[in-house]
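Asks: Provided herewith is a single structure, encoded as structure tokens, for subsequent inquiry.
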Amino acid sequence: MPEAAARTVSRPRGASAPGDAMIELMRELYPLCRSLTGNGVRETLRIVDSVLPLEITEVESGTPIFDWVVPKEWNISGAWIADAAGERIVDFADTNLHVVGYSTPVRGRIRGAELLERLHTHPERPDWIPARTAYWAETWGFCMTEAQHARIRPEDEYDVCIDSTLEDGHLTYAEAVIPGRTDEEILLSTYICHPSLCNDNLSGIAVLAYAGSALAARDDLRYTYRLLFSPGTVGPLTWLARNRERLDRVAHGIVVACAGDRGHVTYKRSRRGDAEVDRAVAHVLRHSRPDAVVEDFVPWGGDERQFCSPGFDLPVGALTRSAHGMFPEYHSSADDFDVVTAESLADSLDVLLDTLGVLERNAVYSSTSPYGEPQLGRRGLYGQISSGVPREGEGFHRAVLWVLNLADSDHSLLDVAERAGLPFATVAAAADALVEADLLEEVAR
Ligand code: ZN
């Protein structure tokens, strides 16, 4: 039997391996200036739509969202700082990280002393450009290397331009809905608001897009899948506000982020701590990736915070490799294509699809022959010559006995796998064989 957990969700098919295809998608998305709102977000979703068809929702600025409000829309077409000779010291055309996200428009000549107060560097790594935002304060600023910063002298004057708009407009988010046999939903979510940053943003978009593409190729899904691509924090909140009446359909959820670096897989449990999704991910990781880490919920990190706020308390965990803020290149120009690998992206996609495979297949059964053990030998389910005790390595035989013993209309296959210490795939294969032999019936849940 395969030792890996159930892999019942198929891989996306294409000329290149999934990891390479995800890198390709990220390269296309990398130059775009994403933010909480604006055309960079729309263009990002247009490109993702080529992998996974999306439904776009636009919500007007000023719309109240719980304790928040949908912000003004921000767009930018260029920005620079030039010295007295007209030489550009920084230029948005080189990297969109040069401008503090949501900077208000600026045009004019400014004294160096005043300009210096609006500049940000990465003092520990002088060659890196930090990524900064000012979503909720109307201000402006530039980010740069220490060498660029050293060219700004307090006594000199500089021409400064930020060609941006910050006006009433819309917040944009997108969903892909992949229907299954039931209305029960699995919610997969990632954020789309970071500019040119690879691991902390583009990796999550790529993994979710390719997970959706794999799911969409299936015609035997039990759950309906809802994949949400929205700007961080305010995006999930906007979605939650607009879907408040139907949240009871969310059976399981996973936020995917920071999924492409070389670190081990990290799973952060939902606020509930023992949700089925928490147990499914932990099971997959235990049997396939000994170096993976499963952590308890904490109320900081990514968008799982919103889904797991006390008013919702949805069963939503977070799948990352290195968590937010836990890799040195985080929120800097160094979070580029040197940080992410095709192998790590593919591995994160595998963990996600393997987990969904467990959730899809996690049925509850009742035995049709619960009074004593049924005679397995005459049904071809046990060796004709037996020592009486399944030997080490005879996982399938053990799984058959465990599934039969726990086929009490109460325990799920994941319960069986955990109690037996066997991979889910082995237990699921045993259940299939027992159903085939008319010894099990699936119980409706
Ligand atoms: Zn971030």
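Values in this text are rule-based calculations from the coordinates and carry no lab data. Bear in mind that the values here come from a model prediction, so they are computed numbers and not experimental data. Methodologically, a virtual Cβ is constructed for each residue, glycine included, from the backbone with ideal geometry; neighbour enumeration extends over all protein chains shown.
Asks: Around Gly169, with a cut-off of 12 angstrom between Cβ atoms, what is the net charge of the other residues, counting Lys and Arg +1 and Asp and Glu -1? Please list the in-between numbers first.
Replies: Numbers: positive: Arg42, Lys72; negative: Glu58, Glu60, Glu73, Glu167, Asp168.
Here the charged neighbours net out to -3.
Asks: With θ taken as phi - 60° and the coefficients 6.51, -1.76 and 1.60, list the Karplus ³J(HN,Hα) couplings across the stretch 184-198 in order, rounded to whole Hz; mark glycine and proline as x.
Replies: Calculated HN-Hα couplings, in order: 4, 10, 10, 9, 10, 9, 8, 9, 9, 10, 8, x, 6, 9, 8 Hz.
Asks: What's the ranking of 199-212, 252-265 by average number of surrounding C-beta atoms within 10 Å, highest first?
Replies: Values: 199-212: 28.0, 252-265: 24.7.
Top of the packing list down: 199-212, 252-265.
Asks: Quick check on the chain: helices-only [θ] at 222 nm, where DSSP H runs of length 4 and up contribute -39,500 (n - 2.57) each and the sum goes over total residues. Nearest 500, please.
Replies: -8500 deg cm²/dmol
Asks: Now, a different point. Roughly what % of Cα-Cα distances in the chain sit above 29 Å, to the whole percent? All intermediate terms of the calculation are to be shown ahead of the outcome.
Replies: Numbers: 51490 of 98790 pairs.
When every Cα pair of the chain is considered, 52 percent fall beyond 29 Å.
Asks: Right, next: With Cβ to Cβ distances under 10 Å as the rule, what net charge do the other residues near Val250 carry (K, R +1; D, E -1)?
Replies: Local net charge: 0.
Asks: Share of antiparallel DSSP beta bridges in the chain, in percent to the nearest 5?
Replies: Antiparallel bridges make up about 65 percent of those DSSP assigns within the chain.
Asks: With the chain treated as a Gaussian network of Cα nodes joined by springs under 10 Å, which of Ala147, Ala431, Ala420 yields the largest mean-square fluctuation?
Replies: Maximum among the listed residues: Ala147.
Asks: To the nearest 10 degrees, how steeply does helix 18-29 sit against the main Cα axis of the chain, on a 0 to 90 scale?
Replies: In the chain, helix 18-29 runs at an angle near 20 degrees to the longest axis.
Asks: As a footprinting exposure proxy, order Met326, Met144, Met26 by other Cβ within 10 Å, with the fewest listed first.
Replies: Values: Met326 14, Met144 24, Met26 21.
Lowest to highest Cβ neighbour count: Met326, Met26, Met144.
Asks: Tally Lys/Arg at +1 and Asp/Glu at -1 over every other residue whose Cβ is under 11 Å from the Cβ of Thr224; what's the total?
Replies: Combined, the nearby Lys, Arg, Asp and Glu give +1.
Asks: Residue by residue through the stretch 245-256, which ³J(HN,Hα) values in whole Hz follow from phi under the Karplus form 6.51 cos²θ - 1.76 cosθ + 1.60 (θ = phi - 60°), with glycine and proline marked x?
Replies: Each residue of the stretch 245-256 in turn: 6, 10, 6, 5, 6, 6, 7, 8, x, 9, 8, 10 Hz.
Asks: Then there is this: Checking the a/c ratio against 1.5 first, then a/b against b/c, what shape does the Cα gyration tensor give for the stretch 364-443?
Replies: It comes out oblate by the Cα gyration axes.
Asks: Shifting gears a bit: Relative to the longest principal axis of the C-alpha atoms of the chain, give the angle of the C-alpha long axis of helix 424-436, reported between 0 and 90° and rounded to the nearest 10°.
Replies: With both axes taken from Cα atoms, the answer is about 40 degrees.
Asks: May I pose another question? State the answer as a single residue: which of Gly357, Ser213, Val256 lies farthest towards the positive end of the charge dipole of the chain, with beta carbon charges of +1 for Lys and Arg and -1 for Asp and Glu, about the Cα centre.
Replies: Toward the positive end, the furthest listed residue is Gly357.
Asks: Tell me whether the stretch 212-335 comes out rounded, prolate or oblate; compute the Cα gyration tensor, take square roots of the eigenvalues as a ≥ b ≥ c, and use a/c under 1.5 as the rounded threshold.
Replies: rounded
Asks: Once amide H atoms are placed 1.01 Å from N in the peptide plane, what residues at a sequence separation of 5 or more from Val364, or on another chain, have their amide H within under 5 Å of its amide H?
Replies: Close amide H contacts, sequence-distant or interchain: Val443.
Asks: Considering Cα pairs under 8 angstrom that are at least six residues apart, work out the relative contact order of the chain and quote it in whole percent.
Replies: Here the relative contact order equals 19 percent.
Asks: Could I ask something else about it? Roughly what angle does helix 395-405 make with the longest principal axis of the chain, taking Cα atoms, 0 to 90 degrees, to the nearest 10?
Replies: Computed tilt is about 80 degrees.
Asks: Over the chain, with a Gaussian network built from C-alpha contacts below 10 Å, which listed residue (Arg88, Arg272, Arg361) shows the highest mean-square fluctuation?
Replies: Arg88
Asks: Sticking with this one: Say the dipole of the chain comes from +1 at the beta carbon of Lys and Arg and -1 at that of Asp and Glu; which of Trp140, Ala323, Val281 then lies farthest toward its positive end?
Replies: Going by the charge dipole, the pick is Val281.
Asks: Here's another thing I want to ask about it. Treat every Asp and Glu Cβ in the chain as -1 and every Lys and Arg Cβ as +1, leave all other atoms uncharged, and give the resulting dipole magnitude about the Cα centre to the nearest 20 debye. Spell out each step's value before the answer.
Replies: Working: 42 positive and 68 negative charges, 134 e Å.
Roughly 640 debye for the chain.
Asks: Express in whole angstrom the spacing between the alpha-carbon centres of the stretch 320-343 and the stretch 18-57.
Replies: 18
Asks: If you average the sequence gap of Cα pairs under 8 Å that are 6 or more apart and divide by the length of the stretch 364-443, what percent do you get for the contact order? Write down the numbers at each step before the final one.
Replies: Details: 90 pairs, mean separation 37.2, N = 80.
Answer for the stretch 364-443 is 47 percent.
Asks: Now for a different question. Of Glu114, Glu73, Glu360, which has the largest mean-square fluctuation in a 10 Å C-alpha GNM of the chain?
Replies: Glu114
Asks: Mind listing the phi-derived Karplus ³J(HN,Hα) values for the stretch 105-111, rounded to whole Hz, using 6.51, -1.76 and 1.60 with θ = phi - 60°, and x for any glycine or proline?
Replies: Listing the rounded values in order: x, 9, 7, x, 9, 10, 5 Hz.
Asks: Does the stretch 73-167 come out rounded, prolate or oblate, given a ≥ b ≥ c as the square roots of the eigenvalues of its C-alpha gyration tensor, rounded meaning a/c under 1.5 and, failing that, prolate meaning a/b above b/c?
Replies: Here the stretch 73-167 falls in the oblate category.
Asks: Let me ask something else. Show the residues, 5+ positions off or on another chain, whose built amide H is closer than 5 Å to the amide H of Thr63.
Replies: Amide H to amide H, under 5 Å and 5 or more residues apart or across chains, Thr63 pairs with Val70.
Asks: Something else about it: Treating only the Cβ of Lys, Arg, Asp and Glu as charged (+1, +1, -1, -1), what charge dipole size does the stretch 73-167 show about its Cα centre? Round to the nearest 20 debye.
Replies: I would put it at about 80 debye.
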